[in-house]
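The structure appears below as structure tokens.
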Amino acid sequence: MSRLAKINQKSLRELIVDSIRDAIVQGKFKPGEKIPEQDLAEQLGVSRTPIREAIRILEQQGLLETRPKNGTYVASLKWDEVQDSLIVRMALEETAVRQALQRLSQDEWHALMTRIQALYDGMCAAIAANDMIVATELDIEWHTLLIDAARNHFLSRTWRVSGLPYLVWSPERELYPFTAEKWAVLQQRHQALLEALWSGDPEQCVAAVRNHISGKLSDLIHWLDKNPSPKEGNHEP
């Protein structure tokens, strides 16, 4: 039996996807901005072939859009679609938690919670360091673990199209800067969700998932009520 775990080496395409996605999270690329393939290739020091492959993935995640005969652009947020996506995400995650609790043994659920606890601890460290990229990556991994724990291929596939993009490009990062107060709210909401998930009680877990995502939805609706102009369509903060 091998005593060493295999090294997980990312492909060039995955590294490019991560690099572009991180730049979007950091605000280096703005909604609606055109990003030519050649520019990306030159900046990253690679050929255009893996750039095209990465663009296809980022299109599927809703972060980029290719306009025929016009090029590749950072997707612009449509606020009505963001709200609809959060509602769909809520339904997907509630279903995932219910199925996971039905299909996993107690030991398997405990192992899942141990992994999520480690992600939460990592998020706390990232928040303390004001590291948005790491916090976002850990948040993505947290919710993706919950989805995949349902062992439902169709649910996982739907999540990656409908739910994942708005975790990668979380709407509130387009609305306002992350202050210490807002970091604290983010941490508190994840702590409340984690505590409920540790209970293993289906109704408590589902209610916590619903509250977690509805909090984000309420934040967005509140902001839009105070700033009505983005409701008219695409908005570039």
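Scanning region 142-176 for residues being modelled with pLDDT of 90 or more and either over 17 Å from ALA118 (Cβ atoms) or assigned to a helix (DSSP H, G or I) (or both) gives a total of 14. Within region 142-155, if we keep just the residues that are surrounded by 18 or more Cβ atoms within 10 Å (Cβ to Cβ) and not aliphatic (A, V, I, L, M), the residue that is farthest from SER19 (Cα to Cα) turns out to be ASN152.
Criterion first (in a loop (DSSP other than H, G, I, E, B), β-branched (Val, Ile, Thr), on the phi < 0 side of the Ramachandran plot and at pLDDT 85 or above) does VAL17 satisfy it?
Details: in a loop (DSSP other than H, G, I, E, B): no; β-branched (Val, Ile, Thr): yes; on the phi < 0 side of the Ramachandran plot: yes; at pLDDT 85 or above: yes.
No; evaluated as a whole, the condition is false for this residue.
Which members of region 60-84 meet the condition of being surrounded by fewer than 19 Cβ atoms within 10 Å (Cβ to Cβ), hydroxyl-bearing (Ser, Thr, Tyr) and touching a residue at least 24 places away in the same chain (Cβ under 8 Å)? Matches in region 60-84: TYR73, SER76. Selection within region 101-141: residues that are part of a loop (DSSP other than H, G, I, E, B) and either surrounded by fewer than 13 Cβ atoms within 10 Å (Cβ to Cβ) or β-branched (Val, Ile, Thr) (or both). The member of this set that is nearest to the chain's Cα centre (by Cα) is ASN130. Return the total of residues in region 85-100 being surrounded by fewer than 18 Cβ atoms within 10 Å (Cβ to Cβ) and either touching a Cys at 6+ places or on another chain (Cβ under 9 Å) or at pLDDT 90 or above (or both). Within region 85-100, residues that are surrounded by fewer than 18 Cβ atoms within 10 Å (Cβ to Cβ) and either touching a Cys at 6+ places or on another chain (Cβ under 9 Å) or at pLDDT 90 or above (or both) number 4.
Examine region 51-59 for a residue that is surrounded by fewer than 19 Cβ atoms within 10 Å (Cβ to Cβ), modelled with pLDDT of 85 or more and on the phi > 0 side of the Ramachandran plot, and state whether such a residue exists. Among the residues of region 51-59, not one is surrounded by fewer than 19 Cβ atoms within 10 Å (Cβ to Cβ), modelled with pLDDT of 85 or more and on the phi > 0 side of the Ramachandran plot, which makes the answer no.
None of VAL206, VAL185 is at pLDDT 65 or above, among the β-branched types (Val, Ile, Thr) and either more than 18 Å from the chain's Cα centre (by Cα) or part of a loop (DSSP other than H, G, I, E, B) (or both) except VAL206. Among the residues making up region 33-55, those that are over 17 Å from ALA23 (Cα atoms) and without any contact (Cβ under 8 Å) to a residue 12 or more places away in the chain are SER47, ARG48, THR49. Pairs linking a residue in region 12-26 that is free of Cβ contacts under 8 Å to residues at least 12 places away in the same chain to a residue that is among the acidic types (Asp, Glu), with Cβ atoms under 6 Å and 6 or more positions apart or on different chains, do not occur.
The values are calculated or read from the model by the stated rules, or taken from the named source; none is laboratory data. The shown structure was predicted, so the numbers you read here are calculated from the model rather than taken from an experiment. Neighbour counts are summed over all protein chains in view; Cβ atoms, including those assigned to glycine, are modelled from backbone coordinates with ideal geometry.
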